[in-house]
Amino acid sequence: MNPEHLQMLVTQVMPYGKYKGRLIADLPGNYLNWFAREGFPPGEIGRLLALMHEIDHNGLKSLLEPLRKR
């Protein structure tokens, strides 16, 4: 896990879809689960969504809180 990717989760917004404009770190678990079932999009956004899914699935969202305060 790259620290830069973790920072991106709290700064990058979802570029399209139902939650367009919402921070990736703030996407609901059921939306991340849908991507996990249906397939993550290609490229950087897909990698970030997959990382956020792992964090959410394992109950580790609190690890992102210190990054939000920067």
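Any read-out appearing in this document is the output of simple, stated calculations on the displayed coordinates, not a laboratory observation. Remember, predicted model here, so these are calculated numbers, not experimental data. FYI the Cβ positions are ideal-geometry reconstructions off the backbone, even for glycines, and counts take in every protein chain you see.
Within the straight-line cut-off of under 20 Å between alpha carbons, the aspartates and glutamates reachable from Lys20 are Glu38, Glu44, Asp56, sequence neighbours fewer than 8 places apart in one chain being disregarded. Relative to the compact-globule estimate of 2.2 N^0.38 Å, the Cα radius of gyration of the range 3-65 comes out at 0.99. The H on the amide N of Arg22, modeled in the peptide plane, is under 5 Å from the matching H of Met14, each at least 5 residues off or on a different chain. Helix 43-57 axis versus longest C-alpha principal axis of the chain: approximately 70°, rounded to the nearest ten. For the options Leu48, Leu27, Leu60, a Gaussian network treatment of the chain with springs between C-alpha atoms closer than 10 Å singles out Leu60 as fluctuating the most.
Listed values for the range 33-41 are Karplus-derived 3J(HN,Hα) couplings in whole Hz (6.51 cos²θ - 1.76 cosθ + 1.60, θ = phi - 60°), namely 5, 4, 4, 4, 6, 8, x, 6, x, and x replaces Gly and Pro. Placing unit charges on the Cβ atoms of the charged side chains and taking the dipole of the range 3-65 about its Cα centre, the candidate lying farthest along the positive direction among Tyr16, Ile55, Pro42 is Tyr16.
Rounded to the nearest 20 debye, the dipole magnitude of the range 3-65 is 240 debye, with +1 charges on Lys and Arg beta carbons, -1 on Asp and Glu beta carbons, and the Cα centre as origin.
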